[in-house]
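Below is one structure, written out as structure tokens; the observations come after it.
The values are calculated or read from the model by the stated rules, or taken from the named source; none is laboratory data. Because the structure is a prediction, the values reported are computed rather than measured. Cβ coordinates were reconstructed from backbone atoms using ideal geometry, including for glycine residues, and neighbour counts include every protein chain displayed.
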Amino acid sequence: MIYEAGGNSVQIAREYMDSLLVESRIVGAVRPDTSFRFLGEMFETPVMTAALSHLDLVSMAEGAKQAGACACIGMGGNGELGAVLSTGAKVMKIIKPYADEKEIFSRLEYAEANGALAVGMDVEHAVNTEDAEDSVVAGLPMKQPSLAELENYIRHTRLPFFIKGALSVQDALRCRDLGAAGVILSHHNGLMKYAVPPVMILPEIRRAVGKDLVLIADGGIASGFDAFKALARGADAVTMGRALMGPLKEKGADGVRETLRKAAAELQAMMIRTGTKDLKHMDPSVIHEPVAYRHG
């Protein structure tokens with residue numbers, strides 16, 4: 001149970017996800033449409049790749065393109081981003097909160113000039129897990145950005161800007177007020193101990209922001225069944241990370257394509273069994289949350 005996870009946010013999120021039960025509404029159901037309009041582009045699925053790093057991101061992007069999915073990528077230089085964009089995939093580039101702002105501006109400018117779909121920043125990676133010291137990633141020091149600095153980054157580019165790491169109503173409202181296009185609800189693979197699961201807090205955040213902000217659920221999405229639960233609880237899209245890593249290493253782009261297509265098929269199966277004809281008609285009332293988890 002969640003109380004035995006010892007602060008492991010990855011385990012907490014997994015146990016919470018598995019606790020959610022789904023109500024059948026299959027009588028009279030029609031074959032559902034999983035197509036997804038995102039930032040003016042059409043995708044076959046709302047399941048995106050997570051902002052992974054230190055992997056073959058070119059193959060990951062190629063697999064995402066073949067599956068009709070958006071590709072998010074994590075840290076790396078402009079050369080790597082250029083190679084990823086050369087696949088023709090639609091790409092969101094997530095940038096680290098570097099202490100040296102020149103690193104940030106360089107990546108923002110390159111992404112905009114070379115056809116990225118969107119950019120973002122994973123603010124949750126600025127400090128270490130066990131203390132409040134600024135983290136160092138791949139030899140580069142990070143810095144927790146102030147609200148003024150975040151607003152400056154958002155205004156520095158014409159691309160839609162997403163803030164990764166928001167995990168509360170307060171953070172989501174701040175991101176909206178700063179001018180962000182959306183937030184990626186995330187604890188960065190457990191960087192914050194005892195973190196509330198993104199899918200648990202989703203309904204509360206959606207009620208607070210309405211339709212003003214794109215909400216993307218990150219962390220622990222291992223299947224289309226997980227994706228359905230997140231979407232039904234208020235997410236516009238989800239990212240899949242850990243579940244792609246093995247297939248990417250073993251089969252490259254083919255592994256990513258196959259995994260994403262399997263997740264899309266599982267999502268469609270859940271949609272038909274709940275009478276959900278398309279992504280615009282997700283109904284949170286089909287999800288049943290055990291009493292032990294209810295809050296707010």
query = How do the pairs read when you match residues in the stretch 4-27 that are free of Cβ contacts under 8 Å to residues at least 12 places away in the same chain with residues anywhere that are of a type in the set (D, E) and part of a helix (DSSP H, G or I), using Cβ under 7 Å and keeping only pairs 6 or more apart or on different chains?
reply = A5/E15
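Matching residues to (1) in contact with a Pro (Cβ under 9 Å, 6 or more places away or on another chain); (2) among the charged types (D, E, K, R); (3) over 17 Å from L215 (Cβ atoms):
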position	(1), (2), (3)
V47	no, no, no
A50	no, no, no
L55	no, no, yes
S59	no, no, yes
L81	no, no, yes
K90	no, yes, yes
I95	no, no, yes
ask   = If you go through the stretch 284-292 one residue at a time, do you hit one that is assigned to a helix (DSSP H, G or I) and within 17 Å of the chain's Cα centre (by Cα)?
value = no
request  = Would you please name the residue that is farthest from the chain's Cα centre (by Cα), looking only at residues in the stretch 140-178 that are outside any helix (DSSP H, G or I) and of a type in the set (A, V, I, L, M)?
outcome  = L140
ask   = How many residues does the stretch 201-235 hold that are surrounded by fewer than 21 Cβ atoms within 10 Å (Cβ to Cβ) and assigned to a helix (DSSP H, G or I)?
value = 7
message = Quick check on the stretch 90-101. Is at least one of its residues at positive phi and surrounded by fewer than 23 Cβ atoms within 10 Å (Cβ to Cβ)?
response = no
ask   = List the pairs whose first member sits in the stretch 28-48 and is farther than 13 Å from G68 by Cβ, whose second member is surrounded by 13 or more Cβ atoms within 10 Å (Cβ to Cβ) and among the aliphatic types (A, V, I, L, M), and whose Cβ atoms are under 7 Å apart, counting only residues at least 6 apart or on separate chains?
value = A29/I272; R31/I272; P32/M271; P32/I272; L39/L117; L39/A118
key: Any hit, the stretch 271-279, residues being of a type outside the set (V, I, T), surrounded by fewer than 22 Cβ atoms within 10 Å (Cβ to Cβ), at pLDDT 95 or above and part of a helix (DSSP H, G or I)   = yes
inquiry  = I'm told R107 meets every condition in (1) at pLDDT 95 or above; (2) surrounded by fewer than 22 Cβ atoms within 10 Å (Cβ to Cβ); (3) basic (K, R); (4) farther than 18 Å from A237 by Cβ except one. Can you identify the failing condition by its number?
reply    = (2)
message = Can you tell me which condition M42 does not meet? The list is (1) surrounded by fewer than 20 Cβ atoms within 10 Å (Cβ to Cβ); (2) more than 16 Å from A237 (Cα to Cα), and all the others hold.
response = (2)
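Tell me the residue from G246, G210 that is of a type outside the set (A, V, I, L, M, F, W, C) and at positive phi, please.
G210
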Single residue of P284, P198 found to be under 21 Å from S168 (Cα atoms) and surrounded by 24 or more Cβ atoms within 10 Å (Cβ to Cβ) = P198
Residues that are of a type in the set (S, T, Y), at pLDDT 95 or above and in contact with a helix residue (DSSP H, G or I) (Cβ under 6 Å, 6 or more places away or on another chain), drawn from the stretch 55-99 = S59, T87
message = Suppose we filter V22, V47 for residues that are crowded, with 18+ Cβ neighbours inside 10 Å and touching a helix residue (DSSP H, G or I) at 6+ places or on another chain (Cβ under 9 Å); which single one remains?
response = V47
key: Selection from the stretch 70-84 of residues that are outside any loop (DSSP other than H, G, I, E, B) and of a type outside the set (A, V, I, L, M, F, W, C)   = N78, G79, E80, G82
inquiry  = If the requirement is being out of contact with any Leu (no Cβ under 7 Å at 6 or more places or on another chain), farther than 30 Å from R174 by Cβ, acidic (D, E) and touching a residue at least 40 places away in the same chain (Cβ under 8 Å), which of these qualifies: E204, E266?
reply    = E266
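Could you grab me the full set of residues in the stretch 110-123 that are in contact with a strand residue (DSSP E or B) (Cβ under 7 Å, 6 or more places away or on another chain) and at pLDDT 95 or above?
A111, A116, L117, A118, V119, G120, M121 - these are the residues of the stretch 110-123 that are in contact with a strand residue (DSSP E or B) (Cβ under 7 Å, 6 or more places away or on another chain) and at pLDDT 95 or above.
From the list R176, R158, which one is charged (D, E, K, R), surrounded by 18 or more Cβ atoms within 10 Å (Cβ to Cβ) and over 14 Å from A235 (Cα atoms)?
Checking each option against the conditions leaves just R176.
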